[in-house]
Amino acid sequence: MPIFPSYFNETHEQVRQTTRRFVETEILPHVAEWEEACTFPRELYQKAGEAGLLGIGFPEEYGGTGKDVFMAVAFTEEIVRCTSGGVVASLGSLGIGLPPIAEWGPAEMKARVIPPVLRGEKIIALAITEPSGGSDVANLKTRAVRDGDDYVVNGSKTYITSGVRADYCTVAVRTGGDGYGGVSLLLIEKDTPGFTVGRNLKKMGWWASDTAELFFADCRVPVTNLIGPENGGFLCIMTNFQMERLTLAVIATTTAQIALEECLRYVGEREAFGRKIGGFQVIRHKLAEMATRIEASRELNYRVAAKMAAGETVVKEVSMAKNFSTQVSDFVTYEAVQIFGGMGYMRESVVERLYRDNRILSIGGGTYEIMNEVIAKQLGL
Ligand SMILES: Cc1cc2nc3c(=O)[nH]c(=O)nc-3n(C[C@H](O)[C@H](O)[C@H](O)COP(=O)(O)OP(=O)(O)OC[C@H]3O[C@@H](n4cnc5c(N)ncnc54)[C@H](O)[C@@H]3O)c2cc1C
């Protein structure tokens with residue numbers, strides 16, 4: 001056995017290759033155009049489904065690969081190389097919307113919803129955040145009142161990734177009293193009377209992704225659309241956050257890695273004061289610092305992923321990984337723009353987009369401050 005065994009096996013490497021080919025042939029040739037258009041063709045979901053990329057981590061009986069944390073890591077590391085956080089976020093919304101159904105949904109729902117989403121024929125979103133707040137999940141206000149065989153849902157959600165296009169929404173609602181013990185998850189389907197979707201929200205980054213407000217006005221949802229136990233949704237949401245946080249950490253580290261690679265190329269080309277800018281010690285040390293922090297964050301992410309794969313509880317560690325990785329990507333993408341000078345501010349440079357797209361990573365899926373709250377609690381504070 002080698003002293004430093006790889007976290008990745010041959011199957012993971014195959015997934016890496018397939019994803020890389022998909023990025024090179026199906027995304028990169030169009031990515032600049034899609035970013036400017038703030039959208040991408042819906043067919044991309046189907047193409048990703050046909051390539052087997054949407055089934056990663058989902059049950060085999062519904063067309064997935066089965067649970068495999070490092071397969072998901074390998075996929076994320078490669079898909080981020082399309083350099084559009086928006087494409088990654090949209091294609092990846094099933095990664096947050098679908099697991100609650102796969103994990104806690106009734107059999108009928110699983111059989112009906114999971115296969116078409118994994119084939120890329122249907123799109124799913126996760127809707128937790130509300131206009132009144134996203135961090136304080138236990139106090140969400142969208143209400144679902146039982147009436148016969150239905151829940152009547154009233155309220156609204158905001159900043160929902162894939163919300164404009166979604167056929168299915170996994171929605172957090174209040175079915176019980178105040179606090180976390182009154183929260184449930186409901187599957188709410190497009191075109192359900194009383195469910196409307198607002199405009200595509202304009203954003204700092206993630207331009208190619210659609211982000212929406214969702215409105216529910218006396219929206220009747222069959223009780224059979226309940227995901228998990230009534231008033232037991234909070235635990236499902238918190239469990240679901242674990243993989244999302246690891247994924248965001250991997251996205252951050254890979255974003256930083258791409259920014260570093262862009263810089264390494266540029267400093268060997270760009271000249272100032274009659275020499276390559278890579279010859280200035282200030283720049284060399286900056287690159288050394290960037291590379292060191294990326295190495296540390298990648299290793300932390302892999303370590304947390306390994307613990308997750310072994311079935312360990314990683315509530316504290318995954319929050320640390322998300323915060324560490326996003327701090328690193330904040331530093332690296334900022335410095336990458338600096339190294340590129342004026343060109344770093346131009347749309348034609350990749351680092352400009354990486355810098356904008358990166359900014360959400362310490363906000364979505366639990367903010368930097370909320371992650372620190374989680375860590376502090378786990379420390380017994
Ligand atoms: C592009 C984008 C895509 C998104 N996609 C989705 C999605 O698909 N589904 C979804 O449900 N949500 C989504 N979100 C929402 C995202 O998860 C929330 O924005 C995030 O959780 C923070 O919630 P908030 O914006 O309401 O901020 P708030 O909760 O209002 O927080 C505001 C500030 O106060 C700080 N704060 C809050 N509480 C505390 C505390 N206890 N201690 C210290 N500081 C605190 C926060 O850290 C933050 O800095 C998305 C957001 C964006 C921008």
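The values are calculated or read from the model by the stated rules, or taken from the named source; none is laboratory data. Everything quoted here is computed from the prediction, not taken from an experiment. Cβ sites come from the backbone with ideal geometry, for glycine too, and all protein chains shown count toward neighbours. Accessible surface is based on the protein model in full, side chains and every heavy atom, while ligands, DNA and RNA are left aside. Shrake-Rupley method; radii C 1.70, N 1.55, O 1.52, S 1.80 Å.
Just a few scattered comments:
- Looking across the range 146-166 at every residue that is within 15 Å of the ligand (Cβ to nearest atom) and outside any strand (DSSP E or B), the one that is farthest from Met109 (Cα to Cα) is identified as Val164.
- Tallying residues that are closer than 19 Å to Gly66 by Cβ and either away from the ligand (no atom under 13 Å from the Cβ) or outside any helix (DSSP H, G or I) (or both) within the range 83-98 yields 2.
- Pair list, Cβ under 9 Å, 6 or more apart: the range 125-145 residue near the ligand (Cβ under 6 Å from one of its atoms) and open to solvent by 10 Å² or more (accessible area, probe 1.4 Å), other residue among the acidic types (Asp, Glu) and at pLDDT 95 or above: Leu126/Glu244; Ser135/Glu369; Ser135/Glu373
- Within the range 201-224, the set of residues being within 16 Å of the ligand (Cβ to nearest atom) and either open to solvent by less than 20 Å² (accessible area, probe 1.4 Å) or modelled with pLDDT under 95 (or both) comprises Gly205, Ala208, Ser209, Asp210, Thr211, Ala212, Leu214, Phe216.
- Residue selected from the range 146-172 under the condition of a type outside the set (Gly, Ala, Ser) and more than 21 Å from the chain's Cα centre (by Cα), by the criterion surrounded by the fewest Cβ atoms within 10 Å (Cβ to Cβ): Asp149
- Residue in the range 252-261 that is under 30 Å from Gly278 (Cβ atoms), assigned to a helix (DSSP H, G or I), out of contact with any Lys or Arg (no Cβ under 6 Å at 6 or more places or on another chain) and open to solvent by 30 Å² or more (accessible area, probe 1.4 Å) present: yes
- For the range 41-59, filtering for residues that are farther than 25 Å from Ala107 by Cβ and in a loop (DSSP other than H, G, I, E, B) leaves 4.
- In the range 351-369, residue farthest from Ile277 (Cα to Cα) [restricted to those that are β-branched (Val, Ile, Thr) and surrounded by 19 or more Cβ atoms within 10 Å (Cβ to Cβ)]: Ile360
- Pairs are defined by a Cβ separation below 7 Å, a sequence spacing of at least 6 or placement on different chains, a first member in the range 343-361 that is within 14 Å of the ligand (Cβ to nearest atom), and a second member that is in a helix (DSSP H, G or I) and open to solvent by 30 Å² or more (accessible area, probe 1.4 Å); the pairs so defined are Asn358/Asp330.
- Criterion (among the small types (Gly, Ala, Ser), crowded, with 24+ Cβ neighbours inside 10 Å and part of a helix (DSSP H, G or I)) met by exactly one of Ala32, Ala111, Ala74, Ala102: Ala74
- Restricting Ala376, Ala309 to those that are among the aliphatic types (A, V, I, L, M), within 12 Å of the ligand (Cβ to nearest atom) and either over 14 Å from Val250 (Cβ atoms) or crowded, with 16+ Cβ neighbours inside 10 Å (or both) reduces the list to Ala376.
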